[in-house]
Amino acid sequence: MAVDVLYETKAKATGGRDGAAETLSGSFKVALSTPKELGGAGGPGNNPEELFAAGYAACFIGAMKFVGGQEKIAVPVDASITSTVGIGPRSEGGFGLTVALDVSLPGLETAVAEDLVAKAHQVCPYSNATRNNIDVKLTVV
């Protein structure tokens with residue numbers, strides 16, 4: 001599938017799950033720590049799953065705004081998403097992820113909100129990247 005790239009960014013990680021990561025632009029830098037549940041010390045840094053959860057939630061709100069603009073649906077300014085990312089061993093070997101997006105769209109009728117979420121899931125780049133690879137559960141709360 002060809003992508004007409006409109007923007008790209010670069011980030012560099014060092015030291016793996018107990019290292020650091022930063023954008024080459026210098027606008028973002030984070031210390032990384034492995035959670036105790038994955039055999040790490042559980043230090044004060046973040047982990048890749050937390051970064052993925054935050055990125056997916058923010059991107060999905062952007063996708064809802066895109067779809068809302070096309071369909072003349074005003075996405076509430078206080079729309080929010082709580083993203084839960086799980087990691088663990090796969091039955092096929094290796095590790096896998098799960099994702100649950102709890103979408104809050106205050107003031108929108110449930111049917112309208114659910115339709116908007118379903119359509120956003122078709123255009124969101126994170127959803128397209130994970131489709132058929134990661135179980136993504138969508139819930140309007």
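All of the numbers you see were taken from the coordinates with simple rules; none came from a lab. Please read all numbers here as calculations on a predicted model, not as lab measurements. Positions of Cβ are backbone-derived with ideal geometry, glycine not excepted, and every protein chain shown enters the neighbour counts.
Roughly how many nanometres apart are two label points built 7 Å out from the Cα toward the Cβ at GLU22 and ALA58?
1.8
What number, in percent, do you get for the relative contact order of segment 1-49 if the mean sequence gap of Cα pairs under 8 Å and at least 6 apart is divided by its residue count?
Relative contact order, segment 1-49: 24 percent.
How far, in degrees from 0 to 90, does helix 110-123 lean away from the longest principal axis of the Cα atoms of the chain, to the nearest 10?
Long axis of 110-123 versus the principal axis of the chain: about 50 degrees.
Students often get this wrong, so try it: which of (1) 32; (2) 11; (3) 60 is percent of Cα pairs over 27 Å apart as calculated from the structure shown?
(1)
Using label points projected 7 Å from each Cα along Cα→Cβ, tell me how many nm separate GLU50 and LYS12, to one decimal.
2.3
Output the relative contact order of segment 49-141, whole-number percent, from Cα pairs under 8 angstrom with separation of 6+ residues.
32
Rounded to two decimals, what is Rg over Rh for segment 29-100 when you use alpha-carbon atoms and the Kirkwood radius?
Taking Rg over the Kirkwood Rh, I get 1.12.
Which value at 222 nm does the chain reach when only helices count, each DSSP H run of 4 or more adding -39,500 (n - 2.57), with the total divided by all residues and rounded to the nearest 500 deg cm²/dmol?
Computed ellipticity for the chain at 222 nm equals -10000 deg cm²/dmol.
With point charges of +1 on the Cβ of Lys and Arg and -1 on the Cβ of Asp and Glu, referenced to the Cα centre of the chain, which listed residue (PRO106, LEU38, ALA118) lies farthest in the positive direction of the dipole?
LEU38
Which whole-number percent is the relative contact order of segment 55-108 (Cα, under 8 Å, 6+ apart)?
The normalised contact order for segment 55-108 reaches 34 percent.
Counting DSSP beta bridges with both partners in the chain, what percentage is antiparallel, nearest 5?
If I count the DSSP bridges inside the chain, around 70 percent turn out antiparallel.
Using modelled amide H (1.01 Å from N, peptide plane; none on Pro or chain starts), what sits under 5 Å from the amide H of ALA11, excluding residues fewer than 5 places away?
Placed amide hydrogens put LEU24 under 5 Å from ALA11.
Which residue, chosen from ALA79, LEU51, THR23, occupies the Cα position most advanced towards the positive end of the dipole of the chain, where the dipole is computed from +1 (Lys, Arg) and -1 (Asp, Glu) charges on Cβ about the Cα centre?
Working it through, the farthest residue towards the positive pole turns out to be THR23.
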